[in-house]
Ligand SMILES: [Fe+2]
């Protein structure tokens with residue numbers, strides 16, 4: 001009986017440790033192309049969905065100093081909530097690379113992502129960020145105010161991040177597109193749990 005309890009305690013510890021890891025199921029980005037600029041268009045004009053323009057800025061861990069030369073690999077689901085062209089999860093189809101400008105700014109033009117089919121997960125955009133001496137890292141996903149899948153806990157926790165809150169208000173522009181902005185804060189160590197390829201070191 002005692003052994004059984006010990007085994008159970010051990011299993012609980014292992015499961016807790018695994019679930020504490022950051023999103024290992026997410027794919028790593030491909031190598032960045034040459035001449036990445038601070039803005040990217042992730043979708044063609046024919047892509048179904050509402051146009052969404054995200055203006056972003058990347059800051060050092062101090063939350064005050066903007067950082068130039070940071071690579072950002074952004075990706076999101078299509079309007080139906082699928083990442084891949086074959087309506088499976090990965091690899092993502094709507095993707096793009098930007099590199100922050102001298103003020104740490106970037107812009108991506110995409111569509112408002114759909115929510116994962118048959119799951120209660122808020123719509124979101126992923127950002128993988130690294131460069132300028134900072135290691136590869138998964139930023140927390142950006143989500144959108146008003147999404148009915150956001151729980152009160154998610155909203156409360158997000159407010160604590162202040163200007164780095166990631167549940168973003170969305171406005172409609174006179175250009176017919178939706179607009180939002182986001183601030184991302186770098187961390188000093190990678191949160192990728194495995195060995196990184198050379199191009200991400
Ligand atoms: Fe996702």
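Points worth noting:
- Residue within region 148-162 that is closer than 25 Å to residue 70 by Cβ, within 16 Å of the ligand (Cβ to nearest atom), touching a strand residue (DSSP E or B) at 6+ places or on another chain (Cβ under 8 Å) and not in a loop (DSSP other than H, G, I, E, B) present: no
- Scan of region 170-195 for residues that are within 25 Å of residue 65 (Cβ to Cβ) and either touching a helix residue (DSSP H, G or I) at 6+ places or on another chain (Cβ under 9 Å) or surrounded by 10 or more Cβ atoms within 10 Å (Cβ to Cβ) (or both), ordered by number: 180, 181, 182, 183, 184, 185, 186, 187, 188, 190, 191, 192
- Residue within region 70-77 that is away from the ligand (no atom under 16 Å from the Cβ) and surrounded by 17 or more Cβ atoms within 10 Å (Cβ to Cβ) present: yes
- The residue list 109, 57 contains one member that is surrounded by fewer than 17 Cβ atoms within 10 Å (Cβ to Cβ), in contact with a strand residue (DSSP E or B) (Cβ under 8 Å, 6 or more places away or on another chain) and under 23 Å from residue 164 (Cβ atoms), which is 109.
- Meets criteria (away from the ligand (no atom under 12 Å from the Cβ) and closer than 18 Å to residue 47 by Cα) for residue 96: yes
- Residues of region 106-147 satisfying the condition of being part of a loop (DSSP other than H, G, I, E, B) and away from the ligand (no atom under 13 Å from the Cβ): 112, 118, 120, 132, 133, 145, 146, 147
- Residue within region 128-149 that is surrounded by 20 or more Cβ atoms within 10 Å (Cβ to Cβ) and farther than 30 Å from residue 199 by Cβ present: yes
- Per the listing 83, 90, the residue uniquely more than 22 Å from residue 187 (Cβ to Cβ), within 16 Å of the ligand (Cβ to nearest atom) and either surrounded by fewer than 17 Cβ atoms within 10 Å (Cβ to Cβ) or over 15 Å from the mean Cα position of the chain (by Cα) (or both) is 90.
- Against the numbered list (1) at positive phi; (2) touching a strand residue (DSSP E or B) at 6+ places or on another chain (Cβ under 8 Å), residue 136 comes up short only at (1).
Read-outs: derived from the displayed coordinates by stated rules, not from any lab. Computed from a predicted structure; not experimentally measured. Because the Cβ atoms are built from the backbone with ideal geometry, glycine has one as well, and the counts that use them run over all protein chains shown.
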